[in-house]
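Here is the structure we will look at, set down as structure tokens.
The values are calculated or read from the model by the stated rules, or taken from the named source; none is laboratory data. Bear in mind the structure is a predicted one, so any value in this text is a computation, not a measurement. Glycine also receives a Cβ, built like all others from the backbone with ideal geometry; neighbour counts cover every protein chain displayed.
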Ligand code: NAD
């Protein structure tokens with residue numbers, strides 16, 4: 001919709017990316033038509049499809065558009081066709097360039113269990129029922145980027161590999177601030193996680209989280225937990241958590257662990273946020289957790305819910321459209337409660353469920369939106 005003042009860059013990518021994005025387009029169109037929430041949409045290629053078209057996994061022109069957009073909605077990249085291209089041209093480099101140049105330092109990964117899917121979890125239903133946690137992973141610092149790094153050969157001929165975990169106070173504070181702000185809109189609890197018992201970066205992390213809490217967020221409940229203990233508590237009693245904030249490495253591992261609490265990869269959205277500008281708006285990229293799923297691409301089997309939930313996160317975090325985000329989430333919850341299941345959600349069940357493909361799931365969500373509105 002022209003003149004909407006909401007500039008959105010849509011990058012469907014490869015494999016099932018374009019398929020699930022097609023279904024989200026229906027939800028976007030519904031928002032314009034039924035809620036007068038319009039978007040100025042630009043669409044472009046990324047990953048393998050950009051490599052085929054431009055010879056690079058993300059062109060400079062696309063990067064510029066992303067930097068100017070209010071939000072980027074991303075599908076997925078990669079696939080066997082590009083498995084053997086040189087390292088700098090790999091489809092994933094397109095996504096990494098976006099994250100780096102947009103300086104998206106806070107990665108938000110919700111782990112929410114829908115009642116209808118409680119049996120799909122790797123854990124017992126009584127442990128995960130009603131689960132709704134948010135893991136915030138620091139995304140641009142820590143051991144994946146710290147210098148010095150590399151492999152050297154020692155004088156005795158033996159090899160030595162080095163990675164460096166480094167964090168500055170400012171890097172810790174800005175991601176913890178995101179956690180505190182978010183907790184205020186949820187159950188008002190933050191658990192900050194590190195290994196302050198054995199790591200200097202952990203000691204600083206704990207000090208900075210505590211200091212920031214004292215300075216600006218005393219109303220939020222703050223606890224600290226060593227990352228190994230947290231890994232254990234996530235499977236023992238996950239419902240004790242609301243917002244978890246942690247560094248890049250621990251966040252990578254813990255958020256994958258948390259995703260298994262919820263069942264299928266096809267259900268999991270994410271958001272990556274940058275620093276607020278003068279108007280308070282953050283650069284932001286929204287994407288499902290899953291990849292391009294070459295095994296099912298082109299077959300109409302992909303579950304579009306993770307992409308649709310990523311769009312709902314965008315409504316909430318980039319455009320402050322909480323009511324509309326709630327609507328999308330509620331429509332998805334109701335469609336699942338009515339028994340609609342893509343193949344990934346079946347888990348061997350066939351009774352009381354309606355097996356559907358990608359498009360039917362998208363249509364069912366839009367139909368439910370109509371009913372709810
Ligand atoms: P994947 O997430 O693509 O698939 C893992 C399994 O989950 C597959 O069996 C797939 O069919 C299933 N699956 C994933 N999403 C689904 C959905 N929406 N509905 C139904 N089933 C779904 O991971 P992979 O197989 O390890 O990687 C495949 C390709 O994707 C690789 O090229 C990899 O590099 C790339 N990848 C990209 C991203 C990204 O774009 N952010 C993330 C992970 C992997």
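Which residues, counting only those in segment 282-298, are more than 11 Å from the ligand (Cβ to nearest atom) and under 10 Å from the mean Cα position of the chain (by Cα)?
286, the sole residue that qualifies.
Can you tell me which residues in segment 27-68 are farther than 17 Å from residue 98 by Cβ, within 16 Å of the ligand (Cβ to nearest atom) and buried (at least 16 other Cβ atoms within 10 Å of the Cβ)?
27
Looking at (1) touching a strand residue (DSSP E or B) at 6+ places or on another chain (Cβ under 6 Å); (2) part of a loop (DSSP other than H, G, I, E, B); (3) within 28 Å of residue 337 (Cβ to Cβ), which one does residue 104 not meet, given that it meets all the others?
For residue 104, the exception is condition (3).
Residue by residue through segment 70-90, note down the ones that are under 22 Å from residue 248 (Cβ atoms) and under 18 Å from the mean Cα position of the chain (by Cα). Lay out the reasoning, then the answer.
Restricting attention to segment 70-90, the residues satisfying the condition of being under 22 Å from residue 248 (Cβ atoms) are 72, 74, 76-78, 87-88, 90.
Residues satisfying the conditions are 72, 74, 76, 77, 78.
Only one residue in 208, 215, 221, 257 is without any contact (Cβ under 8 Å) to a residue 60 or more places away in the chain and either within 21 Å of the chain's Cα centre (by Cα) or not assigned by TED's automatic domain parsing to the domain that holds residue 126 (or both). Which one?
It is 257.
Scan segment 250-267 for residues that are buried (at least 19 other Cβ atoms within 10 Å of the Cβ) and away from the ligand (no atom under 15 Å from the Cβ) and jot them down.
Within segment 250-267, 250, 251, 254, 258, 261 qualify.
Residue 204 fails exactly one of the following numbered conditions: (1) more than 24 Å from residue 75 (Cα to Cα); (2) in contact with a strand residue (DSSP E or B) (Cβ under 7 Å, 6 or more places away or on another chain); (3) in a helix (DSSP H, G or I). What is the number of that condition?
(2)
Could you say whether any residue in segment 7-22 is more than 25 Å from residue 294 (Cα to Cα), more than 16 Å from the ligand (Cβ to nearest atom) and touching a residue at least 40 places away in the same chain (Cβ under 8 Å)?
yes
Scan segment 147-158 and give yes if some residue there is in contact (Cβ under 8 Å) with a residue 24 or more places away in the chain, assigned to a loop (DSSP other than H, G, I, E, B) and not assigned by TED's automatic domain parsing to the domain that holds residue 337, otherwise no. Walk me through how you get there before you give the answer.
Quick first cut of segment 147-158, residues in contact (Cβ under 8 Å) with a residue 24 or more places away in the chain only: none.
No: segment 147-158 contains no residue that is in contact (Cβ under 8 Å) with a residue 24 or more places away in the chain, assigned to a loop (DSSP other than H, G, I, E, B) and not assigned by TED's automatic domain parsing to the domain that holds residue 337.
For segment 273-298, name all the residues that are part of a loop (DSSP other than H, G, I, E, B), over 19 Å from residue 134 (Cβ atoms) and touching a residue at least 60 places away in the same chain (Cβ under 8 Å). Lay out the reasoning, then the answer.
As a first pass, look at segment 273-298 and keep what is part of a loop (DSSP other than H, G, I, E, B): 277-281, 289-298.
Imposing the further condition that a residue be over 19 Å from residue 134 (Cβ atoms) reduces the set to 277-281, 291-298.
Answer for segment 273-298, where residues must be part of a loop (DSSP other than H, G, I, E, B), over 19 Å from residue 134 (Cβ atoms) and touching a residue at least 60 places away in the same chain (Cβ under 8 Å): 281, 291, 292, 293, 294, 296, 297, 298.
Starting from residues that are touching a residue at least 12 places away in the same chain (Cβ under 8 Å) and out of contact with any helix residue (DSSP H, G or I) (no Cβ under 8 Å at 6 or more places or on another chain), keep the ones in segment 159-176 and report whichever is surrounded by the most Cβ atoms within 10 Å (Cβ to Cβ).
Our first condition is that a residue be touching a residue at least 12 places away in the same chain (Cβ under 8 Å); within segment 159-176, this holds for 162-169, 171-176.
Next, from what is left, pick out any that are out of contact with any helix residue (DSSP H, G or I) (no Cβ under 8 Å at 6 or more places or on another chain): 162, 168, 171, 174-175.
Numbers: 162: 11, 168: 12, 171: 20, 174: 21, 175: 29.
Step by step, filter segment 159-176, then rank; the result is 175.
Of (1) surrounded by fewer than 22 Cβ atoms within 10 Å (Cβ to Cβ); (2) within 16 Å of the ligand (Cβ to nearest atom), residue 270 satisfies all except one. Which?
(1)
Mind checking which pairs have a first residue in segment 86-108 that is not assigned by TED's automatic domain parsing to the domain that holds residue 275 and a second that is part of a loop (DSSP other than H, G, I, E, B) and within 10 Å of the ligand (Cβ to nearest atom), Cβ under 9 Å, 6 or more apart or different chains?
Once the first residue is not assigned by TED's automatic domain parsing to the domain that holds residue 275 and sits in segment 86-108, no partner that is part of a loop (DSSP other than H, G, I, E, B) and within 10 Å of the ligand (Cβ to nearest atom) comes close enough.
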